[in-house]
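The values are calculated or read from the model by the stated rules, or taken from the named source; none is laboratory data. A quick note: this is a predicted structure, and the numbers were derived from the prediction, not measured. Note: ideal-geometry Cβ built from the backbone for every residue, glycine included; neighbour counts use all protein chains shown. We work out accessible area using only protein heavy atoms, side chains counted, and drop any ligands, DNA or RNA first. Shrake-Rupley method; radii C 1.70, N 1.55, O 1.52, S 1.80 Å.
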Amino acid sequence: MSQLILGAYAQRNTDDHPPAYAPGYKTSVLRSPKNALISIAETLTEVTAPHFSADQFGPKDNDLILNYAKEGLPIGERIIVHGYVRDQFGRPVKNALLEVWQANASGRYRHPNDQFIGAMDPNFGGCGRMMTDANGYFVFRTIKPGPYPWRNRINEWRPAHIHFSLLADGWAQRLISQFYFEGDTLIDSCPIIKTIPSEQQRRALIALEDKSNFIEADSRCYRFDITLRGRRATYFENDLT
Amino acid sequence: MNHWNFQELHETPSQTGGPYVHIGLLPQQANIEVFENNFNNQLVKENTLGERIRLEGQVFDGLGLPLRDVLIEIWQADANGVYPSAADMQGKAVDPNFLGWGRTGADFETGFWSFNTIKPGSVPGRKGTTQAPHIALIIFARGINIGLNTRVYFEDEAEANAQDPVLKGIEWAPRRQTLIAKREERDGEVVYRFDIRIQGEDETVFLDI
């Protein structure tokens, strides 16, 4: 008889992520622990997570072109972003909550603390959310964000990016990150992307143009896949409970 | 070198949540009305079982200044020590009026944050152990490249805390104190204070989970 029993999440490969202390990104200097993280054997606390249901969300929650439109459509390049969320062993991550936020086409955020001169767009809020389906698939529609300047060195610019957050099956999978767009010449010099040590991993944050899925006379399309941690198979015991 | 290894996928790398994390995760704090249902720091409903508590604090950087742009999330068991999650295999009844999860942002002026929740029950640990009542907590912010995980334990559970496998696993015993929330009663309300120090003296213990 073979039956897959899931145990703890495989331990996180820290080389896949930026270190807490990355002085090229200056704000991290005072916001990084000096001590090593304490590694713990996972318990029920880490393998469980809150569940959400699709009926908590509105029909426009994943449509950033329409969900804040007041007197017209937002300005900018109309794009679709879609992809799959799966775990490190290739299993689809279904019913995960994916939340996204971004600047508008001018590179301006709808936020009280953003002082950038770039124009606000009265028809663009910049936030959306959705759940992955049974195959781990997600799709949302938005306006391509603009690059913008920020305070790090004097003349620092962020490449265009969309922030994203995932809540899936286990607390250990909790992830917040940002993705970028193929062809953006600001990517290579960005101190925030450069906090990630591996080039392969930096590339994993670049959404690729998906020409086959452009919508004629309407929107271009980008493909972006996401990988979360996965649970190990346990063959002889399941000692989490 | 040239082995034919099984190739796992790599976890998508983390990046900072940035200073405008509220837009996506707490849009009302950024004055954005876009969703009908918004997530918040109220975990308690009228019929939720358990002792009502307020968990509050501030998060401090390496200079001792409060982070005013930090996002905090908590995840906890219900009053009977059951997680409202399919991955909880205890087979015990779960409180249908408790999601177990909440999210909030520090105040833009003061850096204060709080949750209204219940005190969780104890949860089984590994190999027959029992974990003391605790709340998992994670923070995200500008300058934090990967979310910092920690746990909140309760000052008035000294006996259970002494047996808790995670607390006991912290070799430097004085550092365990950084995970103990201090209890007080204020206007008839039970308040647990849990300050987080990212760096410096009394640096909070952060966990690799």
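Quick rundown of the values:
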quantity	calculated
Some residue of the range A:28-35 being open to solvent by less than 40 Å² (accessible area, probe 1.4 Å), more than 7 Å from chain B (Cβ to nearest Cβ), within 22 Å of the chain's Cα centre (by Cα) and over 30 Å from B:P133 (Cα atoms)	no
Of all residues making up the range B:122-132, the number that are open to solvent by 10 Å² or more (accessible area, probe 1.4 Å), in contact (Cβ under 8 Å) with a residue 24 or more places away in the chain and not hydroxyl-bearing (S, T, Y)	2
Top-ranked residue of the range A:110-132 - restricted to ones that are over 15 Å from A:I65 (Cβ atoms), more than 17 Å from the chain's Cα centre (by Cα) and not aliphatic (A, V, I, L, M), ranked as most open to solvent (accessible area, probe 1.4 Å)	A:Q115
Qualifying residue in the range A:51-63 (condition: charged (D, E, K, R) and at the interface with another protein chain (Cβ under 7 Å from one of its Cβ atoms))	yes
So B:G143, is it at pLDDT below 95, more than 12 Å from the chain's Cα centre (by Cα) and not aliphatic (A, V, I, L, M)	no
Qualifying positions in the range B:177-203 - open to solvent by less than 30 Å² (accessible area, probe 1.4 Å) and either within 20 Å of B:D156 (Cβ to Cβ) or not in a loop (DSSP other than H, G, I, E, B) (or both)	B:T178, B:L179, B:I180, B:A181, B:V190, B:V191, B:Y192, B:F194, B:I196
Of all residues in the range B:24-50 being touching a Ser or Thr at 6+ places or on another chain (Cβ under 8 Å), part of a loop (DSSP other than H, G, I, E, B) and of a type outside the set (S, T, N, Q), the one that is most open to solvent (accessible area, probe 1.4 Å)	B:V44
Among (1) in a loop (DSSP other than H, G, I, E, B); (2) surrounded by 17 or more Cβ atoms within 10 Å (Cβ to Cβ); (3) facing another protein chain (nearest Cβ under 7 Å); (4) in contact with a Gly (Cβ under 9 Å, 6 or more places away or on another chain) - the single one B:Q90 does not satisfy	(2)
Residues (among the aliphatic types (A, V, I, L, M) and within 26 Å of A:K34 (Cα to Cα)) located in the range B:163-198	B:V166, B:L167, B:I170, B:A173, B:L179, B:I180, B:A181, B:I196, B:I198
Test: A:G72 is at the interface with another protein chain (Cβ under 7 Å from one of its Cβ atoms) and either within 20 Å of the chain's Cα centre (by Cα) or under 30 Å from A:I215 (Cα atoms) (or both)	no
Breaking point among (1) touching a Cys at 6+ places or on another chain (Cβ under 7 Å); (2) surrounded by fewer than 16 Cβ atoms within 10 Å (Cβ to Cβ), for A:I79	(2)
Entirely in the range A:80-169, the strands (runs of 3 or more DSSP E) that have 3 or more residues that are in contact (Cβ under 8 Å) with a residue 60 or more places away in the chain	A:97-102, A:127-131, A:137-143, A:161-167
Residue among A:E216, A:E199 that is within 14 Å of chain B (Cβ to nearest Cβ), on the phi < 0 side of the Ramachandran plot, without any contact (Cβ under 8 Å) to a residue 24 or more places away in the chain and not hydrophobic (A, V, I, L, M, F, W, C)	A:E199
Hey, B:V21 surrounded by 15 or more Cβ atoms within 10 Å (Cβ to Cβ) and either over 22 Å from A:R174 (Cα atoms) or of a type in the set (S, T, N, Q) (or both) or not	no
Top-ranked residue of the range A:36-50 - restricted to ones that are touching an Asp or Glu at 6+ places or on another chain (Cβ under 8 Å) and under 25 Å from B:G18 (Cβ atoms), ranked as nearest to the other protein chains (Cβ to nearest Cβ)	A:L37
